[in-house]
Structures are given as structure tokens and as C-alpha cells.
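Encoded as C-alpha cells, the structure appears first; notes follow it.
Just so you know, all these numbers are worked out from the coordinates, no wet-lab data involved. These numbers were taken from a predicted model, which means no experiment stands behind them. Virtual Cβ from ideal backbone geometry, glycine too; neighbours counted across all protein chains shown.
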Amino acid sequence: MKYTLIDSPEAIPTATRRLAGVSTISLDCEAAGFHRYSDRLCLVQLSTPDENLILDPLALDLAALLRPILEDPGIRVVMHGGDYDIRLLDRDLGIRPQGVFDTQIAASLLGAPAVGLAALLEKHLDIRLPKTHQRADWAQRPLPEGMLEYAANDTEHLQSLADILSSALGEGSRGVGEGGVRTS
């Protein structure tokens, strides 16, 4: 798993260059709420079609870097179960993502029996994600290599999954589907 860790001010220009001109990005966040009394944004994972970036909000103020991308309604921001991540980004960085496509919501609209990321990636892309760090302490520093790889895995395949689910939603009947949910 290849990724670039952005955890120092000197690395911000690298991230800015690599994110310039993207039309779609996959996003996930990690917080430390399981190991702390109150949660806190501890990691932001981004994947473009070409690479994976892991950004450390404990070491850097990421708002200036992320706001132009995440708040641009013309950029598709692919997330999975993004409601908690959106709240974290708003609370901790003052960022309100636009252009969000949530693969968990899409799978639910399609009637998938299991809507977890691991289940969807296995079903649609034959990819099995390890669950070894699901309850890890994301506030610890330095983060071990295994945790960074786990984090990058959370976004690396989201775009492919989103394309599959988006296509399936588009191929279904247009208009109002089961349960009164608009499908177009």
C-alpha cells in the first residue's frame, strides 16, 4: 500500500500540488473517541485516482489545505458512512464538505443486505480489508506503519466502489423507488 504522510509544514506544498485540479477525492477521518473522554479529529485520509495521502491534523492546521477542495461543490467527495466524519470536519476544522457521495447511503438505496465498507468492497471488488486497527488509538504518535496502511485502505478503493454503486443507481428505474426514495 503506497501513501504519502503529510505531517509537517514542509509537506503542505507537496499535498497542495498533488491535490490541485482533482475532480474527485475519497475521504475518511479517524478520531480518538474510543480511547478518550471526548473525541478529536486525529487523521484525515484522502485518495485521488492516482495516490493516497494521510494528513495529520494533530501536527498541522489542515483547514486552509482542505477547505478549497472539500467545499467546492464541483469536486465529488466520496465517503463511506460520512455523517460522523462530516461533523468532525465541521467542528474541528470549520469545513463543510459539498459534493458528497456516500457509498453507504448508495448501498442502502440499492437494498444491499450489508452496507459496511468491508462487505461492499468484498462483494463488488473482491477486496478484503483487515479490521486489525478499527478500535486503535489514533491520537498516539508516531503512528505505526500498520495503522497508516490500514488508514490508507479506508479510502483507496472508495472511488471504484462509488462508480459501481453510482452506475447501479443510474441503471435502476428513474423517479421514486421503494419506500418513496427518489432515485434520480
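Taking the listed residues Thr14, Thr103, the one that is among the polar types (S, T, N, Q) and touching a helix residue (DSSP H, G or I) at 6+ places or on another chain (Cβ under 9 Å) is Thr103, with no other qualifying. Could you grab me the full set of residues in region 55-89 that are surrounded by fewer than 18 Cβ atoms within 10 Å (Cβ to Cβ) and among the basic types (Lys, Arg)? Of everything in region 55-89, those that are surrounded by fewer than 18 Cβ atoms within 10 Å (Cβ to Cβ) and among the basic types (Lys, Arg) turn out to be Arg67, Arg87. A residue that is more than 26 Å from Gly116 (Cα to Cα) and either touching a strand residue (DSSP E or B) at 6+ places or on another chain (Cβ under 8 Å) or buried (at least 19 other Cβ atoms within 10 Å of the Cβ) (or both) occurs somewhere in region 16-32. Name the single residue, out of those in region 96-106 being in contact (Cβ under 8 Å) with a residue 24 or more places away in the chain and part of a helix (DSSP H, G or I), that is surrounded by the most Cβ atoms within 10 Å (Cβ to Cβ). Among them, the one singled out is Thr103. Of the residues making up region 113-153, those that are closer than 12 Å to His80 by Cβ, aliphatic (A, V, I, L, M) and either in a loop (DSSP other than H, G, I, E, B) or over 18 Å from the mean Cα position of the chain (by Cα) (or both) are Val115, Leu129.
Does region 118-139 contain at least one residue that is on the phi > 0 side of the Ramachandran plot and in contact (Cβ under 8 Å) with a residue 60 or more places away in the chain? No, region 118-139 contains no residue that is on the phi > 0 side of the Ramachandran plot and in contact (Cβ under 8 Å) with a residue 60 or more places away in the chain.
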